[in-house]
Amino acid sequence: MKKKERQPKKYPRLTHPRVRDANGQLVRASWDEALDRAAGGFDRAVTAHGPDAFGMLSCARATNEMNYVAQKFTRVVIGTNNVDSCNRTCHAPSVAGLSAAFGSGGGTSSYEEAEHTDLIVMWGSNARFAHPIFFHHVLKGIRNGARMYAVDPRRTSTAEWAEGWLGLNVGTDIPLAHAVGREIIHAGLANHAFIERATSGFAEYAAEVGPWTLSAAEQVTGVPAAAIRELAHAYARAERAQLCWTLGITEHHNGTDNVRALINLSLLTGHVGRYGSGLQPLRGQNNVQGGGDMGAIPNRLPGFQDLLEEPVRAKFEAAWDTVIQPRHGRTLTEMFEAMETGELRTVYCIGENPAQSEADSEQAVRRLSALDHLVVQDIFLTRTAQLADVVLPAAAAWCETDGTTTNSERRVQRVRKAVEPPGEALEDIEIICRLAHRLGHDWTFADAETVWNELRSVSPDHFGMTYDRLAAHQGIQWPCPSVDRLEPTYLHGRLWERDPGRRGVPAPFGIVRHDPPVDLTDDAYPIRLTTGRRLDSYNTGVQSGGYASPLRRGENIELCPEDAARLGVRAGEEVRVASRRGAVTAPVWIEPGLRPGLAFMTMHFPDEVDTNLLTIEANCPIAGTAEFKASAIRVEKLPATTGTR
Ligand SMILES: Nc1nc2c(c(=O)[nH]1)N[C@H]1C(S)=C(S)[C@@H](COP(=O)(O)OP(=O)(O)OC[C@H]3O[C@@H](n4cnc5c(=O)[nH]c(N)nc54)[C@H](O)[C@@H]3O)O[C@H]1N2
Ligand SMILES: Nc1nc2c(c(=O)[nH]1)N[C@H]1C(S)=C(S)[C@@H](COP(=O)(O)OP(=O)(O)OC[C@H]3O[C@@H](n4cnc5c(=O)[nH]c(N)nc54)[C@H](O)[C@@H]3O)O[C@H]1N2
Ligand SMILES: [Mo]
């Protein structure tokens, strides 16, 4: 058989609006026609079914200013809190876990601190591939004498740089963290002075981790007891330590519990609230931190202010001359569930590609297709856009607009327009304002700075960040309440205050239990599939597709040499990969960094191999994040006539 071509698809840039015509085709339209159609559809759904029939998906790659305007559109023009973004699919558990422990969802330390620390733990994070800029700081830290440990089922490129690699079984992070905690306590290495002063719930925590002896944890996690002990002693004895994690921790049905289990280790040792010691959930998209900070989430208003607090709502109601619903809106996950029940009728999707990024993508596409009205505003004609009733062409935030974005260390930085958008594409903010206008709200913002200054007036954490100061300091970290002062680069220094009044509420230990992945392996689906990223490609491939590079090899099902031999499959051979949800075919890649029984795929080439047909929509009940990191699959050799080459 001829070799199957698997060239990554190149998406056409959107240069003019499109609407669906009477024959069901997406055809070119004028801006007026497209905006009338978009606004008319929102209006009909909201008039017939109420404002909660509307959902906004806001873009974590666009600016803070755009996210501020998008959530304001949702709350003021439509009148619902149904606004969310891809934060739900990645770090919502980090935000939930950190908020529960410290009252704030941000990473506690800054990049620079990785250079001035003694120990760096990369837990479920392949930063060498996914956060290369941060990883440069890590490498400088290592050069300065820091030790690094990697905790990952795969021996990743990040793990290659580590002093120790703990290759645990997928979904066993809580047993591992609990065993580290128990060992710290039993070896007399816990920081009892800090525990007494700054935390609560230690006795209950000590009881919970009690059964997780090193050997009990070795049984469940597959990590040798000696390696767990080494990590525990290194972390507890370090003068300063950074605990970094990403999706290996969060993308599980119990992601928030996983996050709490890691935070517990910092409370046990006092590795938080000091320069060089902290917790760093490296965020995903370039502005997913900022999107949440701007209130493009269903439970917070701009400045991460709690929607359920009466004085907070009153402040925004006065500023925006509106009434804000006193209850949380739907998360992205809940919006998809509400599409199924018919409670959600219309979606305004700005810069997200959920048709390919959601777990169980067949179900996601079915739900999106069942909407009365779908409006997609993107820079490319994505798979999601192809399902839409109206497609609106946007300027790319990163080079065609002005504004700001906020990175994982809470640093707000300026983005400047360098080139004109192509064709008729307009800036996201301009498009939203034109829609608001059609729905009876005469919004105009002279420029991005005007939006930013409105945000500053309602968000104390951003008040001190004028555009001038942002430029002068090359970015400023929040909180920044004052225009003439900068705050420390790390959060929660209050925990170290001697005066209990200044110390504030103690940080509670999280009492969490091991709960294995939902999609169990068995005789029919014996292999554990985990999914993630490679250095050369980006998310659903919309922005990274279509270029040639010697680094790129398209999608593969990565298997270890032993499994490939057992299955009788060779490198490059097309095989069928099936889960309880669906099946795909993909070429085999032999990867010695995997352990037997573990397979790996990316999400980068969904037009060639739709990995999310395989993944399970088992969600964390607290954060709504799906278990992308643990599916059960079987790999089948194809009959020689149809597939091998
Ligand atoms: N090059 C590149 N960079 C990117 C992206 C991209 O697509 N390409 N995407 C961006 C986005 S949106 C995000 S959210 C980040 C994600 O950044 P990362 O979270 O670092 O990336 P992933 O590869 O998804 O997952 C990280 C690791 O989790 C491990 N893992 C899987 N299951 C488990 C488990 O049960 N326990 C533990 N401890 N580890 C486990 C995987 O083996 C993998 O190495 O990257 C961002 N940066
Ligand atoms: N199997 C599997 N699936 C996963 C994951 C996994 O690890 N495994 N990870 C999940 C994670 S962490 C994430 S974040 C999601 C990502 O899911 P998505 O956010 O749905 O995917 P992206 O490919 O990042 O899509 C971003 C879109 O924004 C558009 N865009 C970029 N800039 C702009 C702009 O300035 N304006 C507008 N209007 N549009 C713009 C791009 O063209 C693109 O279509 O995927 C999730 N899905
Ligand atoms: Mo992400």
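Derivation of every value follows stated rules applied to the coordinates shown; laboratory data play no part. The shown structure was predicted, so the numbers you read here are calculated from the model rather than taken from an experiment. Counting neighbours? That spans all protein chains shown, and the Cβs are built from the backbone with ideal geometry, glycine included.
Okay, here's what the table says:
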{"item": "Amide H contacts of THR404 (H built 1.01 Å from N, under 5 Å, at least 5 apart or other chain)", "result": "ASN64, GLU65, VAL415"}
{"item": "Potential extension, TRP31-GLU204 segment - 0.36 nm per residue separation minus Cα distance", "result": "56.2 nm"}
{"item": "Local electrostatic count at ALA187 - Lys and Arg +1, Asp and Glu -1, tallied over other residues with Cβ under 11 Å", "result": "+2"}
{"item": "Relative contact order %, the chain, counting alpha carbon pairs below 8 Å whose residues are six or more apart", "result": "22"}
{"item": "Per principal axis, descending, Cα span of the range 527-637 in whole Å", "result": "41, 32, 24"}
{"item": "Positive-end residue of LEU470, SER369, LEU439, charge dipole of the range 351-491 with Cβ unit charges", "result": "LEU470"}
{"item": "Those GluC sites (Glu not before Pro) in the range 178-243 that DSSP places in a loop and that have at most 12 other beta carbons within 10 Å", "result": "GLU239"}
{"item": "Spatial separation of Cα centroids for the range 438-478 and the range 404-426, in angstrom", "result": "14"}
{"item": "Charge dipole of the range 527-637 about the Cα centre (unit charges at C-beta), most positive-ward option of VAL609, ALA548, ALA578", "result": "ALA578"}
{"item": "Karplus (6.51, -1.76, 1.60) ³J(HN,Hα), θ = phi - 60°, over the range 99-111, in Hz, Gly and Pro reported as x", "result": "4, 5, 7, 10, x, 9, x, x, x, 8, 10, 10, 4"}
{"item": "Fewest-first ranking of MET603, MET122, using other Cβ atoms within 10 Å as the exposure measure", "result": "MET603, MET122"}
{"item": "HN-Hα J in Hz across the range 323-340 - Karplus 6.51, -1.76, 1.60, θ = phi - 60°, x for Gly and Pro", "result": "10, 9, 4, x, 8, 4, x, 7, 6, 3, 4, 5, 4, 5, 5, 6, 5, 5"}
{"item": "GluC sites (Glu not before Pro) within the range 421-480: DSSP coil, no more than 15 neighbouring Cβ in 10 Å", "result": "GLU424"}
{"item": "Cα-projected label distance for GLU163 with LEU551, points at 7 Å along beta-carbon direction, nm", "result": "2.9"}
{"item": "Cα convex hull volume per residue for the range 1-140 (Å³)", "result": "251"}
{"item": "Low-density loop cleavage sites - trypsin sites (Lys or Arg not before Pro) in the range 313-391, where at most 14 other Cβ are within 10 Å (DSSP)", "result": "ARG327"}
{"item": "Ordering of 523-529, 34-40 by burial proxy (mean other Cβ atoms within 10 Å per residue, highest first)", "result": "34-40, 523-529"}
{"item": "Over the chain, equivalent-ellipsoid semi-axes from the Cα gyration tensor in Å", "result": "38, 34, 21"}
{"item": "Whole-Hz couplings from phi, Karplus 6.51/-1.76/1.60, listed for the range 483-488; x for Gly and Pro", "result": "7, 10, 8, 10, 8, x"}
{"item": "Ordering of 245-253, 10-18 by burial proxy (mean other Cβ atoms within 10 Å per residue, highest first)", "result": "245-253, 10-18"}
{"item": "Sites ASP522 and SER215 - FRET efficiency at Förster radius 35 Å, r taken between beta-carbons, to 0.05", "result": "0.85"}
{"item": "Cβ-Cβ FRET estimate between GLU562 and GLU337, R0 fixed at 51 Å, reported to 0.05", "result": "0.80"}
{"item": "Length released on extending from ASP372 to ILE133, taking residue separation times 0.36 nm less the Cα-Cα span", "result": "81.8 nm"}
{"item": "Paramagnetic label zone (point 7 Å from Cα along Cα-to-C-beta, ASN144; backbone N under 16 Å) in the range 94-120", "result": "109-120"}
{"item": "Net charge of Cβ neighbours under 14 Å - reference GLU343; Lys, Arg +1; Asp, Glu -1", "result": "-2"}
{"item": "Long-range amide H partners of GLN477 with built H, under 5 Å", "result": "VAL412"}
{"item": "R0 of 30 Å, Cβ-Cβ distance HIS49-GLU317: FRET efficiency to nearest 0.05", "result": "0.80"}
{"item": "Cα centroid separation - the range 60-79 against the range 561-623, whole Å", "result": "37"}
{"item": "Pairwise centroid distance, computed over Cα atoms, of the range 133-162 with the range 101-128, Å", "result": "12"}
{"item": "5 angstrom amide H check on SER277, placed H, neighbours 5+ away", "result": "ALA241"}
{"item": "Prolate/oblate/rounded label for the range 132-216 (Cα gyration tensor, a/c 1.5)", "result": "oblate"}
